[in-house]
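Shown next, in structure tokens, is the structure this report addresses.
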Amino acid sequence: MNTFHLSGYPRVGAKRELKFAVEAYWKGAKSEAELQETAAEIRRLNWATQKAAGADLVPVGDFSFYDHVLDLLCTLGGIPSRFGFDAANLTLEQYFQLARGNATQMAMEMTKWFDTNYHFIVPEWSADTSFKVNAKNLIAQIKEAKAQGHDIKPTLVGPITLTYLGKKKEDFGCRIEKILLPKLLPAYAQLLRELAAEGVDWIQIDEPILATDVAQVWLDAFAPVYKELANTGVRIILGTYFAGVAEHVKLLGSLPVHGVHIDCVRAPEQLAVFAEQFPTNKVLSVGLIDGRNVWKANLTQVIDTLEPVKAKFQNNLWIAPSCSLLHSPQDLAVEEKLNGEIKSWMAFAAQKLVELGVVKRALEHGKDSVAAELKASDAAAADRATNKLIHNDAVKARLANLPKGADQRKSPFAERIKAQQAWMNLPILPTTTIGSFPQTTEIRHARAAFKKGELSAADYDAAMKKEIAYCVEVQEKLNIDVPVHGEAERNDMVEYFGEQLQGYCFTQFGWVQSYGSRCVKPPIIFGDVSRPNPMTVYWSTYAQSLTKRPMKGMLTGPVTMFKWSFVRNDIPLSEVAKQIALALNDEVLDLEKSGIKVIQIDEPAIREAMPLKKSQWKEFLDWACESFRLSSTGAEDSTQIHTHMCYSEFNDILDAIASMDADVITIETSRSDMELLTAFGDFKYPNDIGPGVYDIHSPRVPTDAEVEHLLRKAMEVVPVERLWVNPDCGLKTRGWKETLEQLEVMMRVTEKLRAELKK
């Protein structure tokens with residue numbers, strides 16, 4: 001038998017039941033017992049769905065109230081001592097405080113999980129970091145799954161990856177020598193022994209850092225670590241994903257583990273290497289069903305690819321999605337409004353399970369046993385290759401006929417900034433926000449009522465204008481130099497634009513978790529992209545009519561538009577990005593003609609979209625930065641182009657960021673104590689820069705001293721004439737009360753430092 005397994009499944013519920021339950025708990029509207037009841041029902045349904053599709057081993061440990069990395073830290077007792085919590089007796093309320101902060105402590109840092117849009121909580125490593133295993137929550141879920149009749153396989157982030165992803169809060173020497181081997185490894189081994197005592201046979205330990213260009217010192221840690229873990233009474237399958245690990249095939253084959261999982265969607269070429277060189281007496285788990293996208297697999301190709309591997313590995317060939325299905329929407333079956341033709345090309349998490357079930361039956365009983373399923377799969381693949389819904393000759397021609405230098409502004413920044421200052425007349429330390437303001441219940445209800453036809457277009461228009469007017473009024477009172485309209489009319493920074501672009505389609509319930517209770521519903525790019533009509537001009541010009549200050553228009557950049565969408569997989573990503581860039585360029589020029597001369601083209605995803613292998617970086621950055629520049633091609637020198645980038649490490653790509661040539665860049669730096677900004681200072685970043693001076697991901701209001709500390713640090717590395725002041729991200733997820741209080745602090749500190757600079 002070829003075992004069908006998976007490492008994770010969407011945990012928010014088919015209609016975001018967990019999100020609503022968690023947020024109700026935070027507000028005091030649900031008890032902990034009620035929240036736990038909702039969670040248990042989601043787990044029950046998930047496991048039942050997996051078993052019904054034919055899964056032999058269902059994952060445990062993939063469910064989380066906030067983040068699975070944070071869960072593992074809590075299980076190991078490795079939480080920051082600064083909170084003063086007893087890890088052995090951590091309450092659910094304290095668990096959430098680690099992620100969200102409290103009155104006295106900032107939240108733990110959060111960053112992107114490799115090249116995904118999922119955010120994980122970053123472990124904090126200090127000299128006094130210690131671990132004490134408390135596996136009660138994980139063991140309770142194991143018992144829960146077993147009681148429901150399931151064969152289980154816990155999935156955990158591996159100790160080397162966990163150590164690697166953690167951030168040192170002080171200089172105490174090598175993490176391997178000071179944290180991993182003496183402290184974490186014994187605790188991790190104890191955890192596995194406790195799981196073995198509960199009857200756990202197989203466990204998946206994920207080490208995705210193997211798919212990155214990790215330094216040799218980390219590779220050298222694998223042998224001693226897994227030698228220790230081999231004696232814990234469980235059988236280990238080591239999981240890798242998001243890129244190829246063929247260069248480590250000998251290392252992986254030599255480790256005392258019982259198997260390895262490889263991602264053959266992101267790196268199909270590695271299968272041949274593993275088929276030839278990996279020991280056949282160990283499990284080779286092959287991920288040929290895409291865990292990160294929404295398209296049906298070509299099942300005939302998948303089976304044909306696997307059959308020779310099965311011939312060699314026999315029952316030691318396991319099948320799985322390429323990675324956790326956490327990154328996929330849950331169930332296509334609940335979608336009622338998708339174009340039927342487009343829907344026929346798709347598979348969400350539940351349908352991917354069915355695909356794996358078909359592959360399993362074909363491997364066991366031959367392709368004739370699944371002939372009907374293969375016929376349907378072949379038909380979908382053939383339709384996608386030629387369908388006129390997908391292929392637009394005019395879009396292809398526009399891209400093919402771009403003149404040389406089409407992506408360049410008319411003049412260099414040094415000349416553009418003079419033209420911009422001439423009309424903007426901004427003070428030193430100019431202030432702005434990143435774009436969005438609170439999406440209140442009233443806004444969401446109005447949008448929902450409008451979509452359902454319960455609110456007329458005129459009434460919806462009036463409701464949005466009321467919100468925009470209030471937002472502008474607030475910024476006027478705060479004395480923010482470059483206001484925004486607040487984006488009341490926007491459901492999501494990608495979805496809003498995708499709804500108005502040809503080549504995109506949308507789901508009703510295609511939600512995926514971004515962080516905590518925050519879910520996004522990515523648009524789906526199914527075909528060639530173009531802009532039929534203006535998308536933002538109406539709202540931005542209305543906002544500009546309410547103020548004499550320069551109103552900032554807000555767009556989402558081409559890389560983020562495809563990265564935070566489920567993107568078509570039948571043409572190169574570079575072509576998709578440039579198609580989107582030209583559509584956005586139409587919008588930039590229309591905004592400019594309408595009097596909006598400050599335009600932000602957000603690219604928060606450019607760092608996360610980078611390949612995990614450095615050898616592929618230059619090719620990506622060349623076309624990604626070209627796409628950004630194409631978005632503003634033809635704009636006048638006096639039009640100021642901004643961009644924004646979210647939590648990322650920029651040190652090694654600053655040349656590329658500078659090549660984007662945005663007049664102003666804003667970045668998230670507050671949780672890292674301006675650490676990220678140092679690189680920009682050392683690099684002597686040539687254009688204007690706005691480091692975030694407070695963290696918007698927490699409802700906590702910073703003190704004046706905290707904001708002043710960060711801003712003064714910024715002034716030490718960025719010339720003050722090039723420095724802007726802003727929050728570190730959009731304010732959409734915050735409430736108005738904390739938003740106003742936070743911005744008041746920001747403005748008070750700014751005025752104080754301006755007064756100092758005038759002396």
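Where a number appears in this text, it was derived from the coordinates with a stated rule and is not lab data. The shown structure was predicted, so the numbers you read here are calculated from the model rather than taken from an experiment. Backbone-built Cβ (ideal geometry, glycine too); neighbour counts: all protein chains shown.
Do we have Asp86 as over 30 Å from Met493 (Cβ atoms), in contact with a Ser or Thr (Cβ under 7 Å, 6 or more places away or on another chain) and surrounded by fewer than 14 Cβ atoms within 10 Å (Cβ to Cβ) here? Spelling it out, it is not the case that Asp86 is over 30 Å from Met493 (Cβ atoms), in contact with a Ser or Thr (Cβ under 7 Å, 6 or more places away or on another chain) and surrounded by fewer than 14 Cβ atoms within 10 Å (Cβ to Cβ). For Glu207, the test of being closer than 27 Å to Glu177 by Cβ, charged (D, E, K, R) and surrounded by 23 or more Cβ atoms within 10 Å (Cβ to Cβ) is passed. When residues in the stretch 30-51 are screened for being in contact (Cβ under 8 Å) with a residue 40 or more places away in the chain and aliphatic (A, V, I, L, M), 3 of them pass. When the stretch 50-106 is filtered for residues that are closer than 20 Å to Ala145 by Cβ, part of a helix (DSSP H, G or I) and not basic (Lys, Arg), the ones remaining, listed by number, are Gln50, Ala52, His68, Asp71, Leu72, Cys74, Thr75.
Could you say whether any residue in the stretch 243-266 is without any contact (Cβ under 8 Å) to a residue 40 or more places away in the chain, buried (at least 19 other Cβ atoms within 10 Å of the Cβ) and of a type in the set (S, T, N, Q)? No: zero hits. Of all residues in the stretch 79-98, those that are under 21 Å from Gln36 (Cα atoms) and without any contact (Cβ under 8 Å) to a residue 24 or more places away in the chain have Cβ atoms under 9 Å from Cβ atoms of residues that are part of a loop (DSSP other than H, G, I, E, B) and among the hydrophobic types (A, V, I, L, M, F, W, C), 6 or more apart or on another chain, in Thr91/Phe85; Gln94/Ile79; Gln94/Phe85; Gln97/Phe85; Gln97/Ala107.
Residues that are surrounded by fewer than 19 Cβ atoms within 10 Å (Cβ to Cβ) and not hydroxyl-bearing (Ser, Thr, Tyr) within the stretch 20-31 comprise Phe20, Glu23, Ala24, Trp26, Lys27, Gly28, Ala29, Lys30, listed in sequence order.
Within the stretch 694-707, is even one residue of a type in the set (Val, Ile, Thr), assigned to a helix (DSSP H, G or I), free of Cβ contacts under 8 Å to residues at least 60 places away in the same chain and surrounded by fewer than 19 Cβ atoms within 10 Å (Cβ to Cβ)? Taking every residue of the stretch 694-707 in turn, none turns out to be of a type in the set (Val, Ile, Thr), assigned to a helix (DSSP H, G or I), free of Cβ contacts under 8 Å to residues at least 60 places away in the same chain and surrounded by fewer than 19 Cβ atoms within 10 Å (Cβ to Cβ).
When the helices (runs of 4 or more DSSP H) confined to the stretch 309-396 are screened for residues that are crowded, with 21+ Cβ neighbours inside 10 Å, those reaching at least 1 such residues are found at 349-365, 371-386.
When Met493, Met535 are checked against the criterion of being in a loop (DSSP other than H, G, I, E, B) and without any contact (Cβ under 8 Å) to a residue 60 or more places away in the chain, a single residue qualifies: Met535. Counting only residues that are farther than 15 Å from Tyr496 by Cβ, in contact with a helix residue (DSSP H, G or I) (Cβ under 8 Å, 6 or more places away or on another chain) and charged (D, E, K, R), the stretch 539-587 holds 5 of them.
Being surrounded by fewer than 15 Cβ atoms within 10 Å (Cβ to Cβ) and within 26 Å of Arg629 (Cα to Cα), is that true of even one residue in the stretch 667-682? So far as the stretch 667-682 goes, yes, one or more of its residues are surrounded by fewer than 15 Cβ atoms within 10 Å (Cβ to Cβ) and within 26 Å of Arg629 (Cα to Cα). When Ser594 is tested against (1) within 30 Å of Ala385 (Cβ to Cβ); (2) polar (S, T, N, Q); (3) out of contact with any Leu (no Cβ under 9 Å at 6 or more places or on another chain), exactly one condition is not met: (1).
Across the stretch 210-219, the number of residues qualifying as surrounded by fewer than 22 Cβ atoms within 10 Å (Cβ to Cβ) and either under 14 Å from Val249 (Cα atoms) or of a type in the set (Ser, Thr, Tyr) (or both) comes to 2.
Within the stretch 58-78, restricting attention to residues that are farther than 14 Å from Tyr9 by Cα and hydroxyl-bearing (Ser, Thr, Tyr), the residue that is surrounded by the fewest Cβ atoms within 10 Å (Cβ to Cβ) is Tyr66.
Considered as a group, the residues in the stretch 32-57 that are β-branched (Val, Ile, Thr) and closer than 18 Å to His327 by Cβ include one that is surrounded by the fewest Cβ atoms within 10 Å (Cβ to Cβ), and that residue is Thr49. Counting only residues that are in a helix (DSSP H, G or I) and over 25 Å from the mean Cα position of the chain (by Cα), the stretch 1-34 holds 3 of them.
The sole residue among Gly453, Gly435 that is at positive phi and surrounded by fewer than 13 Cβ atoms within 10 Å (Cβ to Cβ) is Gly453.
A Cβ distance below 6 Å, combined with a sequence gap of six or more or placement on separate chains, defines the contacts here; from the stretch 205-231, residues that are more than 15 Å from Lys614 (Cβ to Cβ) reach residues that are in a strand (DSSP E or B) and not β-branched (Val, Ile, Thr) in the pairs Ile205/Leu156; Ile205/Leu238; Asp206/Gly239; Glu207/Leu238. If the condition is being of a type in the set (D, E, K, R), farther than 17 Å from Pro558 by Cβ and surrounded by 17 or more Cβ atoms within 10 Å (Cβ to Cβ), then the stretch 617-655 contributes only Asp637.
Looking only at the stretch 719-742, decide whether some residue is free of Cβ contacts under 8 Å to residues at least 12 places away in the same chain, on the phi < 0 side of the Ramachandran plot and surrounded by fewer than 21 Cβ atoms within 10 Å (Cβ to Cβ). The answer is yes, given that some residue of the stretch 719-742 is free of Cβ contacts under 8 Å to residues at least 12 places away in the same chain, on the phi < 0 side of the Ramachandran plot and surrounded by fewer than 21 Cβ atoms within 10 Å (Cβ to Cβ). Exactly one residue out of Thr560, Thr541, Thr547 is farther than 30 Å from Glu93 by Cβ, touching an Asp or Glu at 6+ places or on another chain (Cβ under 7 Å), surrounded by fewer than 23 Cβ atoms within 10 Å (Cβ to Cβ) and of a type in the set (Ser, Thr, Tyr): that is Thr547.
For every residue, the table says whether it meets (1) touching a Cys at 6+ places or on another chain (Cβ under 7 Å); (2) of a type outside the set (Lys, Arg); (3) within 21 Å of Pro10 (Cα to Cα).
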{"position": "Ala320", "(1), (2), (3)": "no, yes, yes"}
{"position": "Leu326", "(1), (2), (3)": "no, yes, yes"}
{"position": "Ala350", "(1), (2), (3)": "no, yes, yes"}
{"position": "Val354", "(1), (2), (3)": "no, yes, yes"}
{"position": "Lys360", "(1), (2), (3)": "no, no, no"}
{"position": "Asp368", "(1), (2), (3)": "no, yes, no"}
{"position": "His391", "(1), (2), (3)": "no, yes, no"}
{"position": "Lys396", "(1), (2), (3)": "no, no, no"}
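So, Ala145, is that one closer than 29 Å to Glu198 by Cα, in contact (Cβ under 8 Å) with a residue 40 or more places away in the chain, among the small types (Gly, Ala, Ser) and touching a strand residue (DSSP E or B) at 6+ places or on another chain (Cβ under 8 Å) or not?
For Ala145, the condition - closer than 29 Å to Glu198 by Cα, in contact (Cβ under 8 Å) with a residue 40 or more places away in the chain, among the small types (Gly, Ala, Ser) and touching a strand residue (DSSP E or B) at 6+ places or on another chain (Cβ under 8 Å) - is met.
Which ones in the stretch 107-127 are in a loop (DSSP other than H, G, I, E, B), under 25 Å from the mean Cα position of the chain (by Cα) and not polar (S, T, N, Q)? Listed by number, the residues that qualify are Ala107, Met108, Glu109, Trp113, Phe114, Asp115, Tyr118, Val122, Pro123. Within the stretch 478-490, the set of residues being in contact with a Pro (Cβ under 6 Å, 6 or more places away or on another chain) and in a loop (DSSP other than H, G, I, E, B) comprises just one member, Asp481. For the stretch 568-602, filtered to residues that are within 24 Å of Pro329 (Cβ to Cβ) and crowded, with 21+ Cβ neighbours inside 10 Å, the residue that is farthest from the chain's Cα centre (by Cα) is Gln579.
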